[in-house]
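K.L.:
Here it is: the structure, laid out below.
No value in this document is a laboratory result; all are computed from the given coordinates. The structure presented is a predicted model; accordingly, all values stated were derived computationally and were not measured. All Cβ positions, even for glycine, are placed from backbone atoms using ideal geometry, and neighbour counts span all protein chains on display.
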C-alpha cells in the first residue's frame, strides 16, 4: 500500500463515502477510529507504529536525524553526554586526568 491510497481513504472517510471499518482496512498503520457520528471529518484517527524509528522515518527524517532523535529523546539512553561544566566539576573533584 502506498501513501496515496491511505490519503484517499482518509479523504473518502471524511466525506462519508466509506465506513470506519473500510478506513481501518485501508492501512495497517491505522489502529483505531473514534467516530464522530454527526461529522466523520471530526473523527479521531489513531495511528500505531512498530517503534519510534518507524515513526521518525515516516516523517521523512534522514538516517542520522532518526538516530539522534531516538537517542536524545529516549528514556533509555546508553550514552553519557558531558558538558564543559560537568567536565570541570569532575576534574575539581579529582576525577579524570
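K.L.:
Between residue 35 and residue 7, how many nm apart are label points set 7 Å from Cα along the C-beta direction?
P.N.:
Computed distance between label sites residue 35 and residue 7 equals 2.6 nm.
K.L.:
Let me know the shape class of segment 1-48, please: from the alpha-carbon gyration tensor, a ≥ b ≥ c as square roots of the eigenvalues, rounded when a/c is under 1.5, otherwise prolate if a/b is greater than b/c, or oblate.
P.N.:
Cα axes put segment 1-48 in the oblate bin.
K.L.:
A further question follows. Let me know the shape class of the chain, please: from the alpha-carbon gyration tensor, a ≥ b ≥ c as square roots of the eigenvalues, rounded when a/c is under 1.5, otherwise prolate if a/b is greater than b/c, or oblate.
P.N.:
Verdict is prolate for the chain.
K.L.:
With contacts defined as alpha carbon pairs under 8 Å and 6 or more residues apart, what's the relative contact order of the chain in percent?
P.N.:
15
K.L.:
Calculate the spin-label point distance for residue 44 paired with residue 86, positioning each point 7 Å from the Cα along the beta-carbon direction, and give it in nanometres.
P.N.:
About 3.7 nm, to one decimal.
K.L.:
I would also like to ask the following. Suppose R0 equals 22 Å. What FRET efficiency, 1/(1 + (r/R0)^6) with r the Cβ-Cβ distance, do residue 51 and residue 19 give to the nearest 0.05?
P.N.:
So, using R0 = 22 Å, E works out to roughly 0.15.
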